[in-house]
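Working notes, structure below.
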Amino acid sequence: MRDPRYDILFEPVRLGPVTAKNRFYQVPHCSGMGWHRPRTLAAFRGMKAEGGWGVVCTEYCSVHPTSDDGGLPFASLWDDEDIAAHALMTDAVHEHGSLAGVELWHGGAVANLDSRLPAMGVRSRASRNGLMAPPVQTRRLEKADIRDILDLQARAARRAVQAGFDIVYVYATHGYLLSEFLNPEVNDRGDEYGGSVENRVRIVRELIDITREATRGKCAVATRLTVDRSIPESFEAFEILAELPDLWDLTIGDYDVEMGSSRFVGEGALVEDVARARGLTSKPVVAVGRFTSPDTMARVIRNGTQDLIGAARPSIADPFLPKKIEEGRVEDVRECIGCNICYAHDSLGVPIRCTQNPTTGEEWRRGWHPERIERERGLGRVLVIGGGPAGLEAARVLGERGAQVMLAEAKRELGGRVSRESRLPGLAEWRRVRDWRVAQLARLDNVEVFPESPMSAADVLEVEAEHVIVATGARWTTDAVGRHRDAPIEAASGARVLSVDHVLDGGEIPSGRVLIYDDDHYYLGPALALELRRRGLEVVLLTPAGRAGQWSAFTSEQESACAALIESDVEIVTNRVLEGVEAGRARSTCVFSGRESTIAADWVLPLTLRATNDGLYFELLAREEAGRLKSVLRVGDCEAPGLIASAVYSGHRVARGMRETGEAPADEVRRERALG
Ligand code: ADP
Ligand code: SF4
């Protein structure tokens, strides 16, 4: 049963006219589903309600075509035809006794890539569409436009009531339209909406009033706002508005901290700013902080920092987090690792996914439940080879399905790449991918784990198994073939080229200057550079991209990564392709002009592609004796090297689809068509 220390988390909280059944509050967060995929979205949000979240909100919801988010899937309440899609979500949430919230949104300087209408801003500003910002500006809002904005909010709020929402937001942060009004650097208006703080908060106040009027006491009116000690005026603005909404959803000024990756930001990063604001209002306060520890959650409630535990990522990694705490199963909580792969995929315009929870986004499409996996009688004995993220997940799922599972891992330590990479600076939390699975396996009597068991094809055939899953991973190549080159580099005699695996395995580089050639563009290049600096080596990171760790812009960590490299004196050389290595130097060409130059390097570490460790898989397929096996399958990096999230997903998908007969797993993917 539940630990009484956590009782406080299960107290109901009154939010104006409605009551949340507990303090677990899934704040509005993007999902990459939006109005395009209403059933996918409803199932995704409904799962969180089933998992015990007392409040479940949908994502940013545009009030009108004068504010769309182009290539990104946003929700909308533009007209009455949008209501049915939202009702799917509110029904799914209400089914479990939770409240449903909607964050009404006007994007301000977000260019309307879809509707092609001019975006409107407090003044004419450059577009702010993140990575996709085109060179266009907003139209300055006239007084009549401000009246229209109020009217659009009222109309959308009335539709929100019809759709069944219990909480309706005024969204006054994250750089969107209302933030423009609040920001004295942006708001240059000479009318009653500009100048003093009182004037600049006027539109927020009016929107709160109009939302309250439109929802006629049926919904709580929430306001999402920035409070930040580095912006003292934000508390002045907060004080003026403090008693107006029914609920405050508070955040801070720096989005890279608010949803910071665990490489740079820990649990509860907002608490000091939030606590200060909480002292200025009698209304309940919710705030995020990637809370996964119930001790921290209970503490921030008890010490008065906030009233509700806000969460986006922890609710994605484990929709059943509240239920598990309630049932006294804290050790079963699948803790978020703070990798931001979820966020990256929304920014790529596709439904989010999660490294820890492979069922995220698949609740409707594949009918996957994160906690219930159908058992299959007669699966018999399954041998899983390789204990990396793919093999661990496959073994876990097969264990849940009732198979007799043997997991053989060559090394003493389980975890594969997760164990090796999580030793790099900032990546320690990623071990949760391994640790959660190892702990779950330990609870399954029908799973046996054999470390230090490198398997050959002969060994595999000696084991009396019906099915074999090969999850042997991949190894880094050294020829620098990758995204920017298809032919191997020239390595002259005396060239010292090392594999990334050498460093990941803790191998020595005695001394000198190491050049990392980063054609991978994600976290590993910067993380390896910081590791080598920690070992006292001189490091240069050379990349064909315009910035170091280019792809990590999607995970909202590129700026912090570049700052860390600069602070650690790593030399960054951009826009160059590695061509060859000689004793003491490397040759590269400019990606634009092709002009060649050399750079001093005692050691070169190409971070480009991985070669699949699929020898065992193909050998098994070729062996006649393998004919008595019902199936030989491969998963994870051994099939197609990718993200850790891809490996977990692959292990899950193959294990979940495995049939007793050994027939190819059913790969049924429903396609969603928007509701008309
Ligand atoms: P993935 O991301 O696909 O899970 P990893 O590289 O992280 O891949 O993990 C692969 C794991 O497989 C490693 O821990 C490695 O030691 C193990 N392994 C590779 N070959 C064998 C083998 N022949 N027998 C047992 N384990 C193996
Ligand atoms: Fe957390 Fe990573 Fe999952 Fe996002 S993808 S919820 S950051 S584990």
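The values are calculated or read from the model by the stated rules, or taken from the named source; none is laboratory data. In this text, all values refer to a predicted model and were calculated from it rather than measured experimentally. Counting neighbours? That spans all protein chains shown, and the Cβs are built from the backbone with ideal geometry, glycine included. To get the accessible areas, we keep the full protein, side chains included, count just its heavy atoms, and leave off ligands, DNA and RNA. Shrake-Rupley method; radii C 1.70, N 1.55, O 1.52, S 1.80 Å.
Which of the residues spanning segment 48-77 are under 24 Å from Gln137 (Cβ atoms), of a type outside the set (S, T, N, Q) and in contact (Cβ under 8 Å) with a residue 60 or more places away in the chain? Tyr60, Val63, His64, Asp69, Gly70, Gly71, Leu72 - these are the residues of segment 48-77 that are under 24 Å from Gln137 (Cβ atoms), of a type outside the set (S, T, N, Q) and in contact (Cβ under 8 Å) with a residue 60 or more places away in the chain. Of all the numbered requirements in (1) within 16 Å of ligand 2 (Cβ to nearest atom); (2) in contact with a Cys (Cβ under 8 Å, 6 or more places away or on another chain), Asp614 misses one, and that requirement is (1).
Within the span defined as segment 313-331, every residue fails to be of a type outside the set (A, V, I, L, M), buried (at least 24 other Cβ atoms within 10 Å of the Cβ) and within 16 Å of ligand 1 (Cβ to nearest atom).
Taken over segment 170-186, the residue count meeting the criterion of being out of contact with any Asp or Glu (no Cβ under 6 Å at 6 or more places or on another chain) and within 20 Å of Ala154 (Cβ to Cβ) is 6.
Need the failing condition index for Glu335 against (1) assigned to a helix (DSSP H, G or I); (2) out of contact with any Leu (no Cβ under 6 Å at 6 or more places or on another chain), just the number. With respect to (1) assigned to a helix (DSSP H, G or I); (2) out of contact with any Leu (no Cβ under 6 Å at 6 or more places or on another chain), Glu335 is out only on (1). Pro118 fulfils the conditions (1) surrounded by 24 or more Cβ atoms within 10 Å (Cβ to Cβ); (2) part of a loop (DSSP other than H, G, I, E, B); (3) not aromatic (Phe, Trp, Tyr) except for a single criterion, (1).
Taken together, Arg628, Arg576, Arg595 contain a single residue that is assigned by TED's automatic domain parsing to the domain that holds Thr543, without any contact (Cβ under 8 Å) to a residue 60 or more places away in the chain, open to solvent by 70 Å² or more (accessible area, probe 1.4 Å) and not polar (S, T, N, Q), which is Arg595. Give the residues of segment 41-75 that are aromatic (Phe, Trp, Tyr) and not in a helix (DSSP H, G or I), sorted by residue number. Scanning segment 41-75 gives Trp53, Tyr60, Phe74. Every listed requirement among (1) touching a residue at least 40 places away in the same chain (Cβ under 8 Å); (2) under 30 Å from Ala428 (Cβ atoms); (3) buried (at least 20 other Cβ atoms within 10 Å of the Cβ) is met by Arg224 save one, (2). Among residues of segment 283-326 being within 11 Å of ligand 2 (Cβ to nearest atom) and among the polar types (S, T, N, Q), the one that is nearest to Ala645 (Cα to Cα) is Ser315.
Looking for whichever is part of a strand (DSSP E or B), within 27 Å of Ala458 (Cα to Cα) and within 16 Å of ligand 1 (Cβ to nearest atom) here; the options are Leu621, Leu633, Leu616. Which one fits? Can you show your working first?
On the way: Leu621 fails: part of a strand (DSSP E or B); Leu616 fails: part of a strand (DSSP E or B).
Checking each option against the conditions leaves just Leu633.
Remark: Thr138 falls outside the filter, which requires a residue to be open to solvent by less than 50 Å² (accessible area, probe 1.4 Å), in contact with a Leu (Cβ under 6 Å, 6 or more places away or on another chain) and of a type in the set (S, T, N, Q).
Listed conditions (1) open to solvent by 20 Å² or more (accessible area, probe 1.4 Å); (2) touching a helix residue (DSSP H, G or I) at 6+ places or on another chain (Cβ under 7 Å); (3) touching a residue at least 40 places away in the same chain (Cβ under 8 Å) are all met by Thr555, apart from (1). Output the residues belonging to segment 455-478 that are more than 8 Å from ligand 1 (Cβ to nearest atom), of a type in the set (A, V, I, L, M, F, W, C) and either at pLDDT below 95 or more than 14 Å from Asp637 (Cα to Cα) (or both). Once the filter is applied, which keeps residues that are more than 8 Å from ligand 1 (Cβ to nearest atom), of a type in the set (A, V, I, L, M, F, W, C) and either at pLDDT below 95 or more than 14 Å from Asp637 (Cα to Cα) (or both), segment 455-478 yields Ala457, Ala458, Val460, Leu461, Val463, Ala465, Val468.
Given the structure, is Gly642 within 10 Å of ligand 1 (Cβ to nearest atom) and over 14 Å from Val397 (Cα atoms)? Before you say what the answer is, go through the steps one by one.
Details: within 10 Å of ligand 1 (Cβ to nearest atom): yes; over 14 Å from Val397 (Cα atoms): yes.
For Gly642, the condition - within 10 Å of ligand 1 (Cβ to nearest atom) and over 14 Å from Val397 (Cα atoms) - is met.
The residue pairs whose first member lies in segment 397-423 and is on the phi < 0 side of the Ramachandran plot, whose second member is near ligand 1 (Cβ under 8 Å from one of its atoms) and of a type in the set (Ser, Thr, Tyr), and whose beta carbons are closer than 8 Å, counting only pairs six or more residues apart or on different chains, are Ala408/Ser453; Glu409/Ser453; Ala410/Ser453; Glu413/Ser419.
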